[in-house]
Amino acid sequence: MDPAVLQKLYDREIRISVSNLDIPPAFPGPLKEGIKIAVDKAVAPKFDMDLEMIYESDGKPGRLQAVETAESPINRHPVTGLPVWFNNAHNHARKLRDRRPCGVPEVGMTEVFYADTMEPLSLEDCQEIKRASESCITALAMEPGDVLLVDNYRALHGRDVFQGDRYHAVSWFTWDDNEEWRGEERRIVEKNGMNKVINQMMDWLPKDFESDQS
């Protein structure tokens, strides 16, 4: 990646929004604040991360977004200690998602912001992230029954367009024998009920699988 872009993102850090809820802008302040609190209680349990509810962070009047706290786009591998690109900007930046077929309804659309100003990443920075990410793609054809284990600290991962159902499970592995490799935080969050409600809502919402930009 261009060192200048990498340095800028490292210095400014990034924040990623994970959901949108469009509220009529004319709603009075106390009502909007009540909605904000209610959404915080409803959305936060679905995501195992620290979120802040912010109005109009992407500039759209009345839009309430759940936004991750500021994070460095660079992390260190827990074993080697080497600095690595460790974030989801390549997947969540709206400028990149709008350029490929996407079936996610607006409520689930994401965006990536510079943490210091809450401005969306510029098109130029998004294009450099895209270039660097796609320059390292290695295609892997999988067959039914295949299992692929990916070290997220060493590789970005994604999938091409396909037909049929996909069953997606995620597991986090820790190292119980090495205290220095483990984080101190432990969360046990019951998500099944909330997941069912939100997934049913997502299935009901209209979806546009065509890209609206070249």
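I need the full set of residues from region 138-158 which are open to solvent by less than 70 Å² (accessible area, probe 1.4 Å) and hydrophobic (A, V, I, L, M, F, W, C), in order please.
Hits for region 138-158 are Val150, Ala155.
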message = Based on this model, can you work out whether Ala115 counts as farther than 18 Å from Ile16 by Cα and of a type outside the set (S, T, N, Q)?
response = no
ask   = Of all residues in region 66-89, which are part of a loop (DSSP other than H, G, I, E, B), free of Cβ contacts under 8 Å to residues at least 60 places away in the same chain and open to solvent by 40 Å² or more (accessible area, probe 1.4 Å)?
value = Thr69, Ala70, Thr80, Leu82
ask   = If you take the residues of region 97-120 that are modelled with pLDDT of 85 or more and out of contact with any strand residue (DSSP E or B) (no Cβ under 9 Å at 6 or more places or on another chain), which of them is surrounded by the fewest Cβ atoms within 10 Å (Cβ to Cβ)?
value = Thr117
query = If you take the residues in region 3-24 that are among the β-branched types (Val, Ile, Thr) and outside any helix (DSSP H, G or I), which one is surrounded by the fewest Cβ atoms within 10 Å (Cβ to Cβ)?
reply = Ile23
request  = Evaluate the following for Ser135: is it modelled with pLDDT of 65 or more, open to solvent by 70 Å² or more (accessible area, probe 1.4 Å) and within 22 Å of Leu51 (Cα to Cα)?
outcome  = no
inquiry  = Residues that are crowded, with 17+ Cβ neighbours inside 10 Å and under 27 Å from Ala132 (Cα atoms): does region 25-42 have at least one?
reply    = no
note = By residue number, the members of region 40-65 that are within 25 Å of Gln127 (Cβ to Cβ) and either touching a His at 6+ places or on another chain (Cβ under 6 Å) or assigned to a loop (DSSP other than H, G, I, E, B) (or both) are Ser57, Asp58, Gly59, Lys60
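The values are calculated or read from the model by the stated rules, or taken from the named source; none is laboratory data. Small disclaimer: the values here were computed from a predicted structure and weren't measured. Counting neighbours? That spans all protein chains shown, and the Cβs are built from the backbone with ideal geometry, glycine included. Only protein heavy atoms, including side chains, enter the accessible area calculation; ligands, DNA and RNA are left aside. Shrake-Rupley method; radii C 1.70, N 1.55, O 1.52, S 1.80 Å.
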